[in-house]
Number of protein chains: 2
Amino acid sequence: MAATDNNSAPDPARTIRALWGTQEPPRRGPRHTLTIPQVVQSAIKIADAVQNLDRLSMRRVAESLGVGTMSLYTYVASRDELLELMLDAVNAEAVAELRAKPEGEGWQDGLRRMARISWDLALRHPWTLQVFTGRPTLGPHSTERYELELGIVEGIGLDDVEMDAVIAIVQTHVEGVARRRVEADKVVRRTDMTDEEWWGLAYQPLAEVLDPANFPLGSRVGTAAGQAHNAAHSPEHAYAFGLERLIAGVATLIANPTR
Amino acid sequence: MAATDNNSAPDPARTIRALWGTQEPPRRGPRHTLTIPQVVQSAIKIADAVQNLDRLSMRRVAESLGVGTMSLYTYVASRDELLELMLDAVNAEAVAELRAKPEGEGWQDGLRRMARISWDLALRHPWTLQVFTGRPTLGPHSTERYELELGIVEGIGLDDVEMDAVIAIVQTHVEGVARRRVEADKVVRRTDMTDEEWWGLAYQPLAEVLDPANFPLGSRVGTAAGQAHNAAHSPEHAYAFGLERLIAGVATLIANPTR
DNA sequence: ATGGTTCTCCGTATGGTATACGGAGAAAGT
DNA sequence: ACTTTCTCCGTATACCATACGGAGAACCAT
């Protein structure tokens with residue numbers, strides 16, 4: 001009989017056991033040739049290398065481990081489960097960095113440090129921005145990451161719901177701008193064309209069709225922003241600008257509590 | 001000879017002509033049975049219905065129009081180009097709403113209105129959050145949308161680069177939280193399981209493995225946030241909270257210019 | 001009017017994807 | 001020694017985008 005009675009109905013309990021490594025080994029049958037962490041690390045290595053999640057195929061992971069494609073399903077229930085395991089695994093990197101909290105760091109610098117850690121993590125593992133679980137990842141590293149992030153905004157005059165919200169919006173901001181950074185890089189490779197080359201091809205046909213008089217603000221502001229950033233968009237600038245606006249906004253909240 | 005000398009090298013000029021509808025019709029050959037807008041509208045209808053971009057296949061679009069799959073490539077250079085055309089097309093909806101600016105609206109209410117328009121658009125067309133061009137979409141509606149958005153923050157004491165940045169960070173925020181909203185809905189369908197059902201399956205195995213004493217802040221804050229929102233995450237709450245923080249942060253900038 | 005040219009439509013082929021199914025054979029329990 | 005449980009994985013199914021090239025339509029020049 002096949003061991004795969006995997007009816008495509010997701011099993012959170014199974015995933016949680018895989019995440020936390022709590023799974024008694026089977027009592028019979030052939031030895032495992034791999035472990036879950038091996039599979040996950042191999043998948044992460046491939047995802048980092050190919051940069052794009054849809055190039056992370058089960059076949060590729062299996063080949064890199066020297067096993068058949070279907071053997072992977074002995075270790076993970078599905079590709080989706082594998083992605084969830086990968087996500088929790090890379091969160092360990094954020095945890096390690098978050099732990100290195102400077103003595104006497106204030107909440108504002110704390111949020112700046114947290115944002116930087118998240119930004120760096122996203123650029124190291126761009127595929128994380130494409131994984132979307134829709135439900136929280138309940139793994140050990142994800143849980144600890146949240147714990148440490150909350151530590152940054154504890155005791156500064158926010159209530160519990162506000163603490164949660166502040167972490168969430170900073171992460172949302174960082175993920176959003178990191179996504180733009182990653183996509184800007186990706187499009188250069190995918191089109192095999194630098195931004196300059198692309199604009200060179202786009203400029204003339206665009207000029208024939210777009211009258212600046214119809215878009216006075218866009219022309220002026222777009223030109224100014226383009227020159228300031230030396231590119232149409234600057235995710236780095238948006239990162240810093242948005243982060244400082246958020247921090248200032250939180251400071252306003254702390255100074256004027258709604259209660 | 002085939003008309004398809006489409007070497008997979010992207011052609012911005014071609015895309016721009018398609019976006020603006022400036023393309024003299026061919027002088028010879030059989031009549032077109034379709035138009036680009038027909039193809040785009042049909043694709044949008046399908047994308048709205050299936051909610052997920054990877055279910056928008058060229059085959060499906062072709063079938064809905066009663067033509068063969070490959071015939072679509074007469075109208076659009078590639079699936080990517082089609083997505084770009086779709087994106088610009090739905091931006092027309094945002095343009096129409098942005099034009100309805102109330103008399104005497106201040107910049108703060110303007111940003112709130114802009115955010116609401118973007119949020120609604122994203123929920124009406126969730127697939128837009130999955131399209132990523134990496135370069136700006138230079139279509140007529142996208143261009144006009146930017147123009148109208150800039151109008152909201154013109155003359156309030158920001159310089160051009162700041163105006164651009166404020167629009168960008170608000171859009172980044174809205175897209176981020178809308179993405180969470182959409183994914184939360186999607187996961188219910190994909191797993192065929194409500195959040196309650198899922199938590200019911202996850203609770204017991206999680207309790208066996210996660211000791212609240214190791215995650216005191218997370219336990220306390222997570223519980224408080226969960227009860228306040230009646231869910232683990234509330235994109236709607238994050239939307240409003242983040243937007244108000246950003247607006248307050250921009251107000252701070254206006255009050256304390258960096259120049 | 002006719003032949004050449006340009007064009008649309010689309011059948012087919014290529015090379016990719018996840019994963020369901022079930023068989024071969026290994027390891028352990030009885 | 002026999003049965004049970006298990007891993008590994010070959011094969012099949014059902015998708016996908018799109019390259020290629022042929023059939024035939026519509027126009028143009030002669």
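Read-outs: derived from the displayed coordinates by stated rules, not from any lab. The shown structure was predicted, so the numbers you read here are calculated from the model rather than taken from an experiment. Methodologically, a virtual Cβ is constructed for each residue, glycine included, from the backbone with ideal geometry; neighbour enumeration extends over all protein chains shown.
What average number of partner chain Cβ atoms lie no more than 10 Å from the Cβ of the residues making up B:235-242?
Numbers: counts 2, 0, 5, 6, 2, 1, 10, 9.
Partner-chain Cβ atoms within 10 Å, mean over residues of B:235-242: 4.
Could you work out [θ]222 nm for chain B from helices alone, using -39500 (n - 2.57) per DSSP H run of at least four and dividing by all its residues? Round to the nearest 500 deg cm²/dmol. Can you show the working numbers first?
Numbers: 10 runs with 164 residues, N = 259.
Taking each H run of at least 4 residues, the total per residue is -21000 deg cm²/dmol.
A:W199 versus B:A207, label points 7 Å from Cα toward the beta carbon: distance in nm?
6.0
Cα centroid distance between the stretch A:6-78 and the stretch B:183-239, in Å?
Their Cα centres are 25 Å away from one another.
Only Cα pairs within less than 10 Å get springs; with that Gaussian network setup on chain A, which residue of A:A43, A:A207, A:A62 has the largest fluctuation?
A:A207
From the label point of A:A213, set 7 Å from Cα along Cα→Cβ, how far away are the matching label points in the other copies, in nm, ordered shortest to longest?
Label-point distances to the other copies, shortest first: 7.7 nm.
Near A:V95, within a Cβ-to-Cβ distance under 13 Å, what is the net charge of the other residues, with Lys and Arg +1 and Asp and Glu -1?
Working: positive: A:R99, A:K101, A:R145; negative: A:D88, A:E93, A:E97, A:E144, A:E147, A:E149.
Every neighbour counted, the sum reads -3.
Can you give me the distance in nm between label points at A:A100 and B:T35, each placed 7 Å from the Cα along the Cα-to-Cβ direction?
6.0
Taking a ≥ b ≥ c as the square roots of the Cα gyration tensor eigenvalues, with a/c under 1.5 meaning rounded and otherwise prolate when a/b beats b/c, else oblate, which class fits the protein assembly as shown?
Numbers: a/c = 1.94, a/b = 1.16, b/c = 1.67.
Because a/c hits 1.5 or more and a/b fails to exceed b/c, the protein assembly as shown counts as oblate.
Positive end of the dipole of the stretch A:28-147, charges at C-beta (+1 Lys, Arg; -1 Asp, Glu), about the Cα centre: which of A:S71, A:A122, A:V61 has its Cα farthest in that direction?
A:S71
So if I restrict to the alpha-carbon atoms in chain B, what is the Rg, and what is Dmax, the biggest pairwise distance, in Å?
Answer for chain B, Rg first and Dmax second: 22.8, 77 Å.
Using a 7 Å offset from the Cα along the Cα-to-Cβ direction at both B:T69 and A:R124, what is the distance between the two label points in nm, to one decimal?
Taking the two extended label points, one gets 4.1 nm.
Could you give, in nm with one decimal, how far A:E24 is from each other copy of that position, shortest first, with labels 7 Å out from Cα toward Cβ?
For A:E24, the inter-copy label distances come out at 8.0 nm.
Provide a whole-number value for the mean count of partner chain Cβ atoms within 10 Å of the Cβ atoms in peptide B:146-154. Before the final figure, lay out the partial values.
On the way: counts 5, 8, 3, 3, 7, 3, 0, 2, 4.
Averaged over the peptide's residues, the number is 4.
For the stretch A:138-257, what size does the Cα cloud have along each of its three principal axes, sorted from largest down, in whole Å?
On the principal axes, the stretch A:138-257 reaches 57, 36, 19 Å in Cα extent.
At a threshold of 8 angstrom on Cα-Cα distance, excluding pairs fewer than six apart, so keeping six or more, what relative contact order does chain B reach in percent?
Averaging sequence separation for qualifying contacts and normalising by length gives 18 percent for chain B.
How big is the dipole moment of the protein assembly as shown about its Cα centre under a simple scheme where the beta carbon of each Lys and Arg is +1, that of each Asp and Glu is -1, and everything else is neutral? Debye, nearest 20, please. Intermediate results must be reported in sequence, preceding the final value.
Numbers: 54 positive and 70 negative charges, 282 e Å.
Dipole of the protein assembly as shown, to the nearest 20 debye: 1360 debye.
Shielding of A:218-226 by partners, i.e. mean partner chain Cβ atoms within 10 Å per residue? Walk me through the numbers before you get to the answer.
On the way: counts 10, 2, 4, 14, 7, 1, 6, 8, 2.
Mean shielding by partner chains, rounded to a whole number: 6.
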